Amino acid sequence: MLEGLSTEEIIGRGKNVVMNTYGRLPMTLVKGDGVWVWDTEGKRYLDFLTGLAVNSLGHNYPAIVQAIQAQAQEIIHTSNIYWIPNQVALAERLVKNSFADKVFFCNSGAEANESAIKLARKYAKKNFGAYKCEVVSLENSFHGRTLATLTLTGQTKYQEGYDPLPVGFSYAALNDIEGLKAKIGENTAAVFIEPIQGEGGVIPAEIEFLQAARALCDQYGALLIFDEVQCGVGRTGKLFAYEWSGVAPDVMTLAKALGGGVPIGAMLATDKVAQAFQPGDHASTFGGNPLATAAGCAVLDVILNEGFFEGVQERSAYFQKGLEQLASKYQTGDPVRGRGFILGWPVSKLGPEIVEVCRQKGLLINCVGGKILRFLPPLIVEKPEIDKALGILDEVFQELWQ
Ligand SMILES: Cc1ncc(COP(=O)(O)O)c(C=O)c1O
């Protein structure tokens, strides 16, 4: 589509007809293979951003392509009016490998969180009473862009201009146990936590904080909900990030990497909690359709292969060490943080400039909050490509950092 047009021509036409909601880079990506992507002009980039933690198996992973092709030839969409075999198969894989007993499928992270808010309120009302409806989330969190999920998001910049916002939301500081205690009470229906805040700057929740949140939720009959939209599905080197802490939630939301690039979201819950939803209580036309869940099954089949996560842990530790060496070489300040292949490198200055020069040199990364370089490489990335990325970063810092 739009073959033969230059990048400038495509952008020019796009500005005429596509709504202006994104601060986009002046480039288009039209082809991918493994850890590499190509733009319209044929320039090749090492993709250490993976469409914001979506293409976790890299681009055009054969088993994913094959699953999508095969399913498209059979049937792409039916409806949740009927049972969908692939949806059952994907739910079985998720349930078998998590704390959860039941899954609701949707199409995005925001929609998964919206579902979780609704389930938590329904559960609280059915089991306690109408008074129990408040939702606590964390400052600096990110949970999505629908009206309820941007209210759940603990950053006012996403909320400005959209008043009146839904009511019943409040915020506590990450890793501040006393602060969290002060926010949770009899009226609390749910507490939302990203085990690693992604958009907020790659900030991990401490184990003690997660344990305290679990204990407080148990004390007050509130649901502990983990948003693993960005950090889940293998990104940290385990299937789910919560597994590192030993703290299991009551509900968890997923999206991004779950479909290998095909839009899908999921909300997982224990049986006890899931029972609060009955037919007609919640729905999504596309949710868990045959195509998306075929892709989801293929993704899980790859990453659940024996040895896959050990490989991710080993190669991500290698990458993190390389970043730490650069951080120390250039004295950039705060330590590199995160886990597995969701890593943040705090730089006190020049974040956007570093990202831009990396791009010019063929490495795609981004910068969150203006000063945290964020790395979300494909889980399949190998050491030679990691070395290449580290080499480009070294060159860029050599040029820009003083
Ligand atoms: C932790 C987290 N939750 C929710 C979302 C929203 O997901 P989506 O953009 O698919 O609605 C994101 C997106 O970046 C996210 O990082």
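What follows is calculated from the coordinates using simple rules that are stated; it is not laboratory data. These figures come from a predicted structure and were not determined experimentally. Here the Cβ is made from the backbone with ideal geometry for all residues, glycine too, and neighbour counts use every protein chain on show.
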What FRET efficiency comes out for the pair Glu9/Thr270, r = Cβ-Cβ distance, R0 = 56 Å, nearest 0.05? 0.60
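Kindly put Thr156, Thr146, Thr332, Thr50 in sequence by how many other C-beta atoms sit within 10 Å of each C-beta, fewest to most. Display every interim value, and only then the final one.
Details: Thr156 9, Thr146 16, Thr332 22, Thr50 27.
The most exposed by this proxy come first: Thr156, Thr146, Thr332, Thr50.
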Could you work out, for the range 182-326, what percent of all Cα-Cα pairs fall into each 5 Å distance bin, beginning at 0 Å and stopping at the bin that holds the largest distance? 2, 9, 15, 18, 20, 16, 11, 6, 3, 1, 0
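Please pull out the direction-averaged projected area of the range 356-402, using the convex hull of its alpha-carbon atoms, in nm² to one decimal place.
3.6 nm²
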Out of Asn55, Asn16, Asn289, a Gaussian network model of the chain with alpha-carbon springs under 10 Å gives the largest mean-square fluctuation to Asn16
How are the C-alpha pair distances of the range 126-261 spread across 10 Å bins, as whole percents from the shortest bin up? 13, 44, 35, 9, 0
For a quick check: sort Lys122, Lys388, Lys349 by the number of other beta carbons within 10 angstrom, fewest at the front. Lys349, Lys388, Lys122
From the C-alpha coordinates alone, can you work out the Kirkwood hydrodynamic radius of the range 1-143, in Å? 19.8 Å
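Report, to one decimal in Å, the Kirkwood hydrodynamic radius for the chain based on all distinct Cα pairs.
22.0 Å
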Which of Phe192, Phe209, Met27 sits closest to the plus end of the dipole of the chain, meaning its Cα is farthest towards the positive end, when Lys and Arg get +1 and Asp and Glu get -1 on the C-beta? Phe192
With the dipole of the range 75-303 defined by +1 on each Lys or Arg Cβ and -1 on each Asp or Glu Cβ, the option from Ala130, Ala222, Phe169 whose Cα lies farthest towards the positive pole is Ala130
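Give the percent of DSSP beta bridges with both residues in the range 75-303 that are antiparallel, rounded to the nearest 5.
Details: 11 of 26 bridges.
Given both bridge residues lie in the range 75-303, the antiparallel proportion sits at roughly 40 percent.
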Computed about the Cα centre, the charge dipole of the chain from +1 Lys/Arg and -1 Asp/Glu charges at the Cβ has a magnitude in debye, to the nearest 20, of 420 debye
State the percent of C-alpha pairs, over all pairs in the range 75-303, separated by a distance greater than 31 angstrom. 16 percent
Principal axes first, then extents: for the Cα atoms of the range 257-385, list largest minus smallest coordinate on each axis, whole Å, largest first. 58, 33, 31
Determine the relative contact order of the range 144-260: mean sequence separation of Cα pairs under 8 Å and six or more apart, normalised by residue count, in whole percent. 20 percent
Evaluate Rg over Rh across the range 174-226, taking Cα atoms for both radii and Kirkwood's formula for Rh. 0.96
Give the lysines reachable from Lys122 as a straight Cα distance under 22 Å; neighbours fewer than 8 places away on the same chain don't count. Lys102, Lys132, Lys183, Lys272
Mean Kyte-Doolittle hydropathy of -0.5 or higher plus an axial Cα length of 24 Å or more: which whole DSSP H helices in the chain meet both? 383-400
